[in-house]
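The values are calculated or read from the model by the stated rules, or taken from the named source; none is laboratory data. Just so it is clear, the structure is predicted and the values come from calculations on it, not from any experiment. Cβ coordinates were reconstructed from backbone atoms using ideal geometry, including for glycine residues, and neighbour counts include every protein chain displayed.
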Amino acid sequence: MLAVAVMAALAIAVTASIMKDPRHGEGLLGEVLVSGDGRTITTLNSRTPCQQDSPELVASESRDSVTLVLKESDIDLRPQCNTIDEQITTTLQSPLGTRRLVDPDNGWTIAPFAQNRLANPRYLPPGYAPTTDVQWSDPIQHAQLSPFTWGRNSAPAWTRFYHRAPEKASLSITQIAGHLTVSAAGTPESIHGWAGRLTPDSNNTVTWTNGTYTFIVSTTDQHLHEAELLRIAKHLTS
């Protein structure tokens, strides 16, 4: 009954005219990556593609800081489709260097992850290739370790995604700066001599920390066996 009431209220709210909600200058949602040359900034955005165009990531630069803003288009609430998460980028006029990255909503300093610190996957299962399409294998678990909506004290983190066509099976590799407590759930595993955990369920996940970084390798691919997931984890190299 509650769902019916909500849908009815929504139907009343959406009139024959296009219902738009202009939003400009939104803050960032989550992880931020800075390229090796310090000029390309990549972050994440969530939107409903049938209602809104992809936003523009705009950088306002000064001598001491760089403020990042998502310039979003108007929203047409009439069409209905699934929300997507996506990566968007911007290029700075000069390398970030020691300048602060700033969120305009609250003035917090954003801690970006340096691309040249990412561990490289030396092994991927056949058919898998990098993609900028974001598909969390397990959003709840990811949120516990690396908040998609980050807070003031969030550690630098970045997640890379890989798809296998044509099924679009998803594989993700998350790297978080710092030592996070690994859940005791699952099967103990050794990754490069470091204690980790394999959690086999609908989203197979391997999680471990080496004292400097915490890693999460996760997949929605039901055909990707646990041994393959461990092989991916054990072939991550700096």
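Take R160 and tell me if it is loosely packed, with under 15 Cβ neighbours inside 10 Å, within 19 Å of Y213 (Cα to Cα) and at pLDDT 75 or above. So R160 does not fit the description; no.
Within the range 28-67, the residues that satisfy the criterion of being at negative phi and in contact with a Gly (Cβ under 8 Å, 6 or more places away or on another chain) are T43, L44.
Answer yes or no as to whether L77 is part of a loop (DSSP other than H, G, I, E, B) and either under 21 Å from the mean Cα position of the chain (by Cα) or over 18 Å from G30 (Cβ atoms) (or both). Let's see the steps before the verdict.
On the way: part of a loop (DSSP other than H, G, I, E, B): yes; either under 21 Å from the mean Cα position of the chain (by Cα) or over 18 Å from G30 (Cβ atoms) (or both): yes.
In short, yes.
Counting only residues that are hydroxyl-bearing (S, T, Y) and part of a strand (DSSP E or B), which one in the range 31-53 is modelled with the lowest pLDDT? Step by step, filter the range 31-53, then rank; the result is S46. So for the range 3-18 (the condition being in a loop (DSSP other than H, G, I, E, B) and modelled with pLDDT of 75 or more), does at least one residue qualify? Scanning the range 3-18, I find no residue that is in a loop (DSSP other than H, G, I, E, B) and modelled with pLDDT of 75 or more, so the answer is no. For the residues E72, E56, the requirement of being in contact with an Asp or Glu (Cβ under 9 Å, 6 or more places away or on another chain), acidic (D, E) and either crowded, with 18+ Cβ neighbours inside 10 Å or modelled with pLDDT under 80 (or both) singles out E72. For first residues located in the range 196-217 and at positive phi, partners that are surrounded by fewer than 17 Cβ atoms within 10 Å (Cβ to Cβ) and in a strand (DSSP E or B) and lie 6+ apart or on another chain with Cβ distances below 9 Å form the pairs G211/W194.
For (1) out of contact with any Asp or Glu (no Cβ under 7 Å at 6 or more places or on another chain); (2) modelled with pLDDT of 90 or more; (3) among the basic types (K, R), each residue gets a yes or a no:
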residue	(1), (2), (3)
F148	yes, no, no
T174	yes, yes, no
T187	yes, no, no
P200	no, no, no
V217	yes, yes, no
T237	yes, no, no
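Residues in the range 113-132 include none that are touching a Lys or Arg at 6+ places or on another chain (Cβ under 7 Å), of a type in the set (A, V, I, L, M) and closer than 26 Å to A169 by Cα.
For the subset of the range 135-146 comprising residues that are of a type outside the set (V, I, T) and surrounded by fewer than 17 Cβ atoms within 10 Å (Cβ to Cβ), which member is modelled with the lowest pLDDT? Even if it seems obvious, please write down each step before you answer.
Filtering the range 135-146 for residues of a type outside the set (V, I, T) gives 135-139, 141-146.
This time we only want the ones that are surrounded by fewer than 17 Cβ atoms within 10 Å (Cβ to Cβ), so: 139, 143-144.
Working: P139: 50, A143: 47, Q144: 42.
The qualifying residue modelled with the lowest pLDDT is Q144.
Do any strands (runs of 3 or more DSSP E) lying entirely in the range 80-139 carry at least 1 residues that are without any contact (Cβ under 8 Å) to a residue 60 or more places away in the chain and not assigned by TED's automatic domain parsing to the domain that holds Q222, and which ones are they?
Qualifying strands (runs of 3 or more DSSP E): 84-91, 100-102.
The number of residues in the range 165-222 being farther than 17 Å from S238 by Cβ, surrounded by fewer than 18 Cβ atoms within 10 Å (Cβ to Cβ) and not β-branched (V, I, T) comes to 16.
Looking at the range 175-195, which of its residues are in contact with a Phe, Trp or Tyr (Cβ under 7 Å, 6 or more places away or on another chain) and in contact (Cβ under 8 Å) with a residue 24 or more places away in the chain? Steps first, answer last, please.
Start the filter on the range 175-195 by keeping residues that are in contact with a Phe, Trp or Tyr (Cβ under 7 Å, 6 or more places away or on another chain), which leaves 175-177, 182, 191, 194-195.
If the condition is that a residue be in contact with a Phe, Trp or Tyr (Cβ under 7 Å, 6 or more places away or on another chain) and in contact (Cβ under 8 Å) with a residue 24 or more places away in the chain, then Q175, I176, A177, V182, I191 are the ones that fit.
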